[in-house]
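Below: the structure, in structure tokens.
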Amino acid sequence: MNMNIKPELQSMALGMSERIIPIHAAVKEMMDELVHPAAKRFEEAHAKAPTPWTYTDEMLEIINGLKAEAKKRNLWNFWLTDSKSGYGLSTVEYAYLAEEMGKSPLGAETFNCAAPDTGNMEVLERYGAQAHKDKWLKPLLEGEIRSAFLMTEPQVASSDATNVSMSCELDGDEYVLNGEKWWSSGAGDPRTALYITMVRTPSDDRPRHRQHSQILVDPETPGITKLRAMQVFGNPDAPHGHFHLKFENVRVPKENLLVAEGAGFEISQGRLGPGRIHHCMRAIGMAERALELMIQRSMSREAFGKPLYQLGANYDIIANSRIKIEQARLLCLKAAWMMDQGDPRQAAPWISMIKVAAPIMAGEIIDEAIQMHGAGGISQDFPLAEMYTHVRTLRLADGPDAVHRRQVARRELRQYTQEKV
Ligand SMILES: Cc1cc2nc3c(=O)[nH]c(=O)nc-3n(C[C@H](O)[C@H](O)[C@H](O)COP(=O)(O)OP(=O)(O)OC[C@H]3O[C@@H](n4cnc5c(N)ncnc54)[C@H](O)[C@@H]3O)c2cc1C
């Protein structure tokens with residue numbers, strides 16, 4: 001036994017619990033039976049829509065049909081890990097479900113576990129007033145509306161969120177917002193009925209982490225202009241979309257400010273940890289799916305008289321993919337377990353470690369799967385190209401790799417010095 005390991009770490013349980021085994025099987029069954037086949041149909045229906053930002057009746061029928069079925073099977077809102085409203089799952093238990101959901105672009109929404117709604121719901125549940133809960137949390141929990149989280153701004157390096165500059169000043173009974181946001185995911189979706197918006201409230205005499213606030217904004221409020229959809233490698237990522245928005249004298253009822261002026265960072269801390277790790281769990285699911293597709297392709301096609309898997313370094317590629325997935329999954333489960341211990345500060349470096357490792361690992365495996373598919377791999381005939389672009393963006397979204405590496409390095413360095421590192 002290693003005496004340097006804390007006792008609780010020695011009894012770390014990362015496997016599937018008794019209660020999660022049947023839930024996981026039910027999620028997997030529904031993914032295989034309904035969600036995977038629906039993804040292709042949804043894409044085809046979207047291609048027929050009059051604009052990229054329209055949800056046609058056919059699209060709504062597909063996604064709402066999946067959600068209704070998930071609800072009927074009682075497979076809904078798993079993400080509410082330590083909440084009375086949900087299943088009360090631990091983060092470790094949730095990880096197994098999120099991995100399954102990550103295997104299809106419709107997976108997370110089907111079970112009402114999609115970003116950024118999950119983080120936004122958590123914020124509303126913890127910090128919202130009753131009126132906010134009635135107006136937004138209830139329909140979000142029912143999967144009737146979607147939401148966006150607006151923090152990043154074009155003019156400032158937003159990986160340092162203390163730079164966020166959208167102004168928010170009280171005028172009578174309303175706050176008046178001015179500034180620009182970009183990469184507002186979900187702002188293209190016509191069902192999005194809430195923007196949780198990070199703003200700078202007047203507070204120059206306060207410390208840097210007490211100068212920001214979060215306010216609930218109705219997307220239909222006059223003064224908000226959708227300037228453009230940001231493109232991800234040339235693709236607008238419709239119908240979800242990541243928008244560049246302009247706010248000009250946008251007047252918001254003062255009751256919509258969450259908690260109090262200056263509480264913006266405190267609220268973010270609660271939100272970002274789970275959101276980040278959920279992305280990683282889904283990225284591991286994508287890597288699994290990519291490996292599955294890679295193997296199927298390598299067995300079903302021949303070149304130079306042999307199946308592809310018998311050629312060149314393909315045994316090594318398949319083996320290394322499995323090794324990397326297993327490594328990342330264990331790290332992800334450990335980060336989840338750290339979160340379950342109830343001290344977000346202790347868990348933070350672990351979340352940062354997996355936030356760096358999982359998207360890089362998934363990107364490498366999807367890249368190899370694309371290669372095994374030849375030109376088909378980058379085409380619309382397989383989900384690989386979409387998966388690849390998505391995991392690449394994860395190396396930026398919710399904090400770029402470098403920022404997370406810094407967190408990890410500082411924790412290491414602090415063991416050797418009392419000085420600020
Ligand atoms: C697809 C997608 C969806 C997104 N969705 C949302 C959303 O819904 N809401 C939202 O608010 N934002 C969203 N974002 C934005 C994302 O969170 C930001 O892009 C991210 O926080 C980085 O901010 P930035 O782009 O301003 O980069 P910058 O802050 O300008 O950083 C650029 C680079 O500088 C370097 N750097 C920065 N800090 C350090 C450091 N400490 N050490 C070493 N190097 C460093 C890194 O190389 C980093 O990548 C999304 C982004 C993408 C791509």
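A few comments on the model shown:
- Residue among PRO52, ILE284, LEU331 farthest towards the positive dipole end of the chain, charges placed on Cβ: LEU331
- On the chain, 52 percent of the accessible area sits on carbon and sulfur atoms, based on a 1.4 Å probe.
- Once the Kirkwood radius over Cα pairs is known for the chain, the Stokes-Einstein relation at 4 °C and 1.567 mPa s delivers a diffusion coefficient of 57 µm²/s.
- Listed residues THR91, THR51, THR201, most fluctuating in the chain (Gaussian network, C-alpha, under 10 Å): THR51
- Overall, the chain carries a charge dipole of about 840 debye about its Cα centre when +1 sits on the Cβ of Lys and Arg and -1 on the Cβ of Asp and Glu, all other atoms neutral.
- Sum of -39500 (n - 2.57) over DSSP H runs of 4+, divided by residues of the chain (222 nm, nearest 500): -14500 deg cm²/dmol
- Loop-resident sites, the stretch 150-248, for chymotrypsin sites (Phe, Trp or Tyr not before Pro), counting at most 15 other Cβ within 10 Å (DSSP): PHE233
- With N counted as the residues of the stretch 146-258, its alpha-carbon radius of gyration over 2.2 N^0.38 Å works out to 1.04.
- For the stretch 100-160 versus the stretch 249-323, the inter-centroid distance based on Cα atoms is 18 Å.
- In terms of Cα atoms, the Rg and Dmax of the stretch 208-248 work out to 13.6, 37 Å.
- Evaluated at q = 0.15, 0.20, 0.27, 0.30 Å⁻¹: base-10 log I(q)/I(0), Debye formula over Cα of the stretch 84-131: -0.46, -0.76, -1.12, -1.20
- Between ARG73 and ARG301, the simple spin-label model (points 7 angstrom out along Cα→Cβ) gives 3.1 nm.
- Per-residue extension of 0.36 nm, minus the Cα-Cα distance of ILE145 and ASP171, leaves a gain of 6.4 nm for this segment.
- Taking the Cα centre of the stretch 146-258 as reference, the dipole from Cβ charges on Lys and Arg (+1) and Asp and Glu (-1) amounts to some 300 debye.
- With contacts taken as Cα pairs under 8 Å and at least 6 residues apart, the stretch 133-191 reaches a relative contact order of 36 percent.
- Within the shell of other residues whose beta carbon sits under 15 angstrom from the beta carbon of ILE145, the net charge comes to -2, with Lys and Arg scored +1 and Asp and Glu -1.
- Mean separation of Cα contacts under 8 Å (6+ apart) over length of the chain, as relative contact order %: 14 percent
- Entry note, the stretch 20-141: relative contact order of 24 percent, from Cα contacts under 8 Å with a spacing of 6+ residues.
- Note on the stretch 367-419: Cα Rg divided by 2.2 N^0.38 Å, N the number of residues, gives 1.81.
- Solvent-accessible surface ranking, highest first, for ARG41, ARG410 at 1.4 angstrom: ARG41, ARG410
- The figure for VAL250 is an accessible area of roughly 0 square angstrom, using a 1.4 Å probe on the protein chains alone.
- For the stretch 351-368, backbone phi angles converted through the Karplus equation (6.51, -1.76, 1.60; θ = phi - 60°) give residue-by-residue couplings of 5, 4, 4, 6, 5, 7, 6, 5, x, 5, 4, 5, x, 5, 6, 5, 4, 5 Hz, Gly and Pro being listed as x.
- Among 31-40, 113-122, the peptide with the highest mean count of other Cβ atoms within 10 Å heads the list, and the full ranking is 113-122, 31-40.
- Per residue solvent-accessible surface (Å²) - the chain, probe of 1.4 Å: 48 Å²
- Positive end of the dipole of the chain (Cβ unit charges, origin at the Cα centre): among THR197, LEU396, ALA70, the Cα lying farthest that way belongs to LEU396.
- Modelled spin labels at ASP218 and GLN415, positioned 7 Å past Cα toward Cβ, are 5.4 nm from each other.
- Packing-based order for 274-284, 69-79, using average beta carbon neighbours within 10 Å, highest first: 274-284, 69-79
The values are calculated or read from the model by the stated rules, or taken from the named source; none is laboratory data. Note that the structure is predicted; figures quoted are calculated from it, not measured. When we count neighbours, we look across all protein chains shown, and the Cβ atoms used for this are built from the backbone with ideal geometry, even at glycine. Only protein heavy atoms, including side chains, enter the accessible area calculation; ligands, DNA and RNA are left aside. Shrake-Rupley method; radii C 1.70, N 1.55, O 1.52, S 1.80 Å.
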